[in-house]
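For reference, the structure is listed below as C-alpha cells.
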Amino acid sequence: MPPAVLTLHCLVLIITHLHQATGRSVVVHLQEDGVASNDSGLTWKHTLPSLTTFTFCVRLYSYHMRYSDYFFSYAVPESDNELAFHLKYDKRELRLACCSRRIFHIIKVDVRLLAWFPFCASVDLTASSVTFVHSNGTEKSALVDAVSEKGLGLNVKGGGNVVLGQDQDELRGGTDRGQSFNGYLADMWLGRALLTEVQMQEYVQCGAVMPPDAPQAVLDFQDLGNDFMLGVATVFADERVNPCSSSRDILFSVFSEPHTAHQAAQLCSTLNGKVAAPQSTEENQSLLREGSRMVAQCKEYSKGANVWIGVVWKPLIQMWTDVSTGQEAVYRNFEVEIKPSGQEELCVSGTSMGSPQNNWDIESCSFQLCTACQFNRPAPIMLRGLCSESLFDREYYIYDTINSRPVFNGKLWSRLAWTNDETDGWSGWKLTLLTDPHIHARMLSTSDMAHPIGIHEYEVVGDKCRGERQYLRLTSCTLNQFTCEDGTCVELEQRCNLELDCADNSDEMDCETLIIPSGYEKGLPPPKLNTDTPTPVLFDIVIMLVRNLDLLNSRLVLDLTLTRSWLDSRLQYKNLQKDQNLNQIDSMMKTVWYPDSNFLGTDGSYALWDDLDTAGWAHRTAQPLPDNDQSIDEDVYYSGEENPLMLERKFTVTLMCTYDLAMYPFDTQRCPLVIYIRYYTASYVITKLNTLNFTGTRRLMEYRVTGLTNREVLHQNKSGQHMEMVLTNQYGYFITGAYIPTLLLLVVSYLTFFFDLRDFTDRIMVSLTSLLVLAALFSQIASALPKTAYLKLIDVWFLFCILSDFVMVFVLVVINRYLESPSSPPPIMSVSPLTSSSFITTTSSSSSSSSIPSVNQMEKMKKISLKPSMEKKVDKWCCRPLLDPRRCNTLVQFALPLLLGFFIIAYFSFVAYKMAGVRDNFHTNPILDEPQYHQLLQNDP
C-alpha cells in the first residue's frame, strides 16, 4: 500500500474512533474538490445478506446536482440495481429501486442543495409496503411489483457489492460521473429490522446520532476506516461539519474588500443574504472560523481583522437591534456591553482572531472593514446571457473560499472563482467548467475590487456559444424581481411604474413597451387566426356628451370615446403593468397597424369629426412568456397574440339626423351613428361590440336621452357597428308655455257667453283678443321649428284653438246680429184692438219721454192694429226658439265645453298611446371577464 494511502487510512481510523468515543456524527465528504468523477465515493468491503425486510437511514448534504445523485448502490451479478437510493433535485424526488428492477418507488420531498436532508426508509418486501420518515413528514405507501401483480417472492439478493456515491451499471463497475454524488454522507445505517416510526423520527430529528434502541446493523459508519475503501477526492469531514447542529444550514461567507456598514448591508443583500448576525455561541464560532481564512486581508483595515456584524445601536430607542429584523438583538457577545449616550448610530464588528468569547466591538458605521454575509437558506444566483448550447451552469451558490475570496459554485459543473493564473500572469474572476478546465470565461474588469455581481464582459474560450466576448449578468434576484445596476433587487411590478425604486434609477430606464420585429409592415392587418377567420376588432364606445341638438338644421353633435382593441401576433411587449395607464405607447398610429374608422349619420351621410385626444397602450390580459435567461435583461415579455393593443380616441362628431316632427312636442327621435372600418373589407377585419355606454347628462335642454341600441352592419362590405340614440321630447315646457295658456285663452273666450247679451263690445273684444294672442303664440312657436310639409301635433292643437276661438267669435256676432235685427221681436209682446184709451195707456206706459202722440203716429198705429196678420207674425217669431239669441247663447254655454272636452280627451289620449312605449332602453353590455374577453377578441363564438 502506498505511504500516502496508508497515512490517510490511519487518519480515518483515528477520527472514526474519536467520533465513536464522543458520540458525534461520522461524516464523509465525497468529491471534495467539487469535480464530478466516476471513481469517487466509498466501496464497502463486505457484502449484504439476502433481505426481505430492512431499514435504511442516512443524513446527506449536496453541493452539486447531477443528472441523478446516487448515494447508495448495491449490485449483484444478476442485477445492477438490486437496491439503490438516489435523488432527483430538479424534480424534488427521492427514489428507491429494488429487487432486480421489480420495485421502483418515488416520493416527493423538499430536498435542496446546501441543506441537510435526513431520512429513514422502512421496507417490508413480504407485505409490499414502505414507510418513509423525513424532515417534511411521514409517508406510507404500497410497493408495486413491475413483474408479478401478486408481488410474490420479493427479496434483496445477497452476495453483491455496495458503493456509496456512485451508480453501478454492472457489478463493481459501470459508474458514470453524471450519476455520482457530491456532498456529505453522515451516520448511514442499514439493518434487517423494521424500525418503528418513533425510532425513525428520533433519528431524523437528531434526537440520536444513530437510530435509538436499534438492533445490530448490517452496514453503518461506526468502523468507517475498516469497513470502507475511500475513492478519489473522498475524505473524512472535520469536526465543523455537524448534521445535527442548530446552525447546520447556515452559511457564512467573508469578503475581504473594505466596506462601510451601509455598503456591507447592500453587498450582502445583492447576494441574497444579510450581514452576519449570530444568534448563538455556536453560530458565532462558525463565523469566527470562516473569518479566520481572511485574517491576512482583513488586518489591512483593522488590527483584529474585524468583520461587520449585523447589529446596530439605535439611539432613539436606546437599543441594540438586529439590522435585518429591526428587533432587539437577543444574542450579544461584547466583552463589556455599554449603552452609548450620544445620538450617533453605532455599528458592531467582530474580530476574526483569537477566542470567540467576547469578540464583538463597537465601531463607527463609517469605518471600512471586511464584510461577513450570512445565508440562512441559500438561494441561487443566476447567470444570464448564455446561449442555450452553453456548457456553463446558469445557477450558482456562494460557499467555500479560493485565493481569499468567496467562490460561486455552479449547480452542476461550473465554478466562478478568483484565479491567479501563473502561466500568463492574469488574475481575476474566472468561470471554469470543472470537468474540462480548458473551457472557461474570464471576466474583464478594470478593478481588482470588483465583484462578478451585475453586468460584466467576459472573454469566453471553448464554449459552444458564438463570440469570444460576451456580456453576462450575475444576479441574485429571483424570477419575479429586477436587478438594479448596483445589484440590488426590486419587484418586477416596480419596473417601469413611473416611480424610482432603484437607488441608481435604473428601474425606470429603457421602458419602451412596444417591440416591433424587423420586417414588420404597418400597412398589413394582423395575420388571421385561421384561414376562415378575419381579424376581430373590439369596439368600446362611450358617448360622453350630447353637445348640440339642432332641429332647424337636422344636426346632432356628440362627444364620444371610441376604444378599439385587437391582437397582433407579430408584436411583443415588455414589462406590462396591471394599470394600463403605465403601458402607454407613444405614436402608436405612426408605428403599427391600427383599424382606422369612419362615421356615418342618417341615410349614409358622412359625419364630420374633430379629434380631441388620442392614447394607445398594450393591455395585459395573459401570462408573460417564459423567462429567457439567454438575455441579460430581466424584462418580462408578453405576446401580442394574447395581449391586445388598445387605441382610445375622443371625438366631437357632427352627424346628420333627419328628425320626424309629426308628434312634436311629444315626439321621439332616433338618430343613427354608424362606425365602420375604413380600407379593409369584412373578409380581413370584422368589428365586434364589447361595451356601449352613455355617461353624459341624459336630460338635455329640450330632449332626454332614453335609449341607446346597437347592431352589426356592413357598409360597402366593410364591417361596422350601427348605434341608434333615442331622444324623447321633454314636453313640460310646451305644457306650461303653450297648452295651458292656449287652453286658458279658450276658456276666456268661452266665458264671453256669460256676459250681458247686449254688451256686444266687451264680448267681441275679449274673444278677438284671445284669437290674436293665440295667433301670435302659434307664430312664435312655429318660428323656432323646422318648416315641414306635414302638420305637427302642436300645429293641430293651435289650429284647433284658433278655429275654436274663431267659431266663438262667429257665434257672438250671430247672436248680436239677431239681437239688433228688425225682425227680432219688439219689446211689446201683445197688441189689443186700437182704442183711444188703450192707445193712450200703451203709449204712456211705453214711452218714457212723451206725452201725446202725433197725428202721424196715431195713423200708423191704427193701420197696424187694423192688420190682422201682424199678430200671426209675432206668434210665428216666438215659435222659433233656436233663433232666439238668449236660447242660442244658453245652448252654446252647454255645447261648447262638451265639444272642447271631447277634442282635448281625444288629443291627449292619442299622445298617451304614442308615449306609452317610450322607456329607457340602453344596450350596455356587461363587463366581461378575461376568458370571455379573449373569446371575443379571438372571434370565438
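The values are calculated or read from the model by the stated rules, or taken from the named source; none is laboratory data. Here the structure is a predicted model, which means the values were calculated and not measured. Every residue, glycine among them, receives a Cβ derived from its backbone with ideal geometry; neighbour counts consider all protein chains shown. Protein only, heavy atoms only, side chains kept; ligands, DNA and RNA dropped before computing areas. Shrake-Rupley method; radii C 1.70, N 1.55, O 1.52, S 1.80 Å.
Worth a mention:
Residues are listed down the side, and each one gets a yes or a no for (1) surrounded by 22 or more Cβ atoms within 10 Å (Cβ to Cβ); (2) at pLDDT 85 or above; (3) in a strand (DSSP E or B); (4) not aliphatic (A, V, I, L, M):
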position	(1), (2), (3), (4)
M210	no, no, no, no
Q216	no, yes, no, yes
Q222	no, yes, no, yes
V232	no, yes, no, no
Q279	no, yes, no, yes
E283	no, yes, no, yes
S292	no, yes, no, yes
V311	yes, yes, yes, no
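- Residue count for region 900-917 under the criterion of being in a helix (DSSP H, G or I), open to solvent by 40 Å² or more (accessible area, probe 1.4 Å) and without any contact (Cβ under 8 Å) to a residue 12 or more places away in the chain: the result is 8.
- Q297 meets all of the listed conditions (1) open to solvent by less than 70 Å² (accessible area, probe 1.4 Å); (2) without any contact (Cβ under 8 Å) to a residue 12 or more places away in the chain; (3) outside any strand (DSSP E or B) but one, namely (2).
Residue by residue, here is whether (1) open to solvent by 60 Å² or more (accessible area, probe 1.4 Å); (2) of a type in the set (D, E, K, R); (3) modelled with pLDDT under 90 holds:
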| position | (1), (2), (3) |
| --- | --- |
| W426 | no, no, yes |
| K430 | no, yes, no |
| H440 | no, no, no |
| P452 | no, no, yes |
| E457 | no, yes, no |
| G462 | no, no, no |
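- Checking each residue in region 507-546 for being open to solvent by less than 60 Å² (accessible area, probe 1.4 Å), among the aliphatic types (A, V, I, L, M) and either closer than 19 Å to M588 by Cα or assigned to a helix (DSSP H, G or I) (or both) picks out L514, I515, V537, L538.
- Any hit, region 438-456, residues being touching a His at 6+ places or on another chain (Cβ under 9 Å) and in a strand (DSSP E or B): yes
- On the stretch given as region 609-626, residues that are among the hydrophobic types (A, V, I, L, M, F, W, C) and crowded, with 18+ Cβ neighbours inside 10 Å total 3.
- Applying the criterion of being out of contact with any strand residue (DSSP E or B) (no Cβ under 8 Å at 6 or more places or on another chain) and in contact (Cβ under 8 Å) with a residue 24 or more places away in the chain to the residues of region 542-573, the residue that is nearest to L692 (Cα to Cα) is L551.
- Being crowded, with 16+ Cβ neighbours inside 10 Å, of a type outside the set (V, I, T), over 44 Å from the mean Cα position of the chain (by Cα) and on the phi < 0 side of the Ramachandran plot is true of R102.
- Among the residues making up region 470-487, those that are open to solvent by 30 Å² or more (accessible area, probe 1.4 Å) and touching a Ser or Thr at 6+ places or on another chain (Cβ under 8 Å) are E485, D486.
- Taking (1) at pLDDT below 90; (2) crowded, with 21+ Cβ neighbours inside 10 Å; (3) not small (G, A, S) in turn, L727 satisfies each apart from (1).
- Selection within region 365-380 - among the hydrophobic types (A, V, I, L, M, F, W, C) and over 12 Å from A276 (Cα atoms): C365, F367, L369, A379
- Which listed residue is open to solvent by 60 Å² or more (accessible area, probe 1.4 Å), assigned to a strand (DSSP E or B) and closer than 19 Å to V546 by Cβ, from R670, R649: R670
- Condition broken by E257, with the remaining ones in (1) open to solvent by 10 Å² or more (accessible area, probe 1.4 Å); (2) modelled with pLDDT of 85 or more satisfied: (1)
- Boolean, T435 is in contact with a Lys or Arg (Cβ under 7 Å, 6 or more places away or on another chain) and touching a residue at least 60 places away in the same chain (Cβ under 8 Å): no
- Test: residue in region 369-382 that is among the basic types (K, R), open to solvent by 20 Å² or more (accessible area, probe 1.4 Å) and more than 19 Å from V312 (Cα to Cα): yes
- Scan region 180-205 for residues that are in a loop (DSSP other than H, G, I, E, B) and open to solvent by 40 Å² or more (accessible area, probe 1.4 Å) and the total you get is 4.
- Count of region 673-713 residues which are assigned to a strand (DSSP E or B) and farther than 30 Å from T533 by Cα: 7
- Only one entry of L87, L114, L60, L94 meets the criterion of being open to solvent by less than 10 Å² (accessible area, probe 1.4 Å) and part of a loop (DSSP other than H, G, I, E, B), and that entry is L114.
- Condition check for A417: over 21 Å from A233 (Cβ atoms), among the hydrophobic types (A, V, I, L, M, F, W, C) and either surrounded by 13 or more Cβ atoms within 10 Å (Cβ to Cβ) or under 45 Å from the mean Cα position of the chain (by Cα) (or both): no
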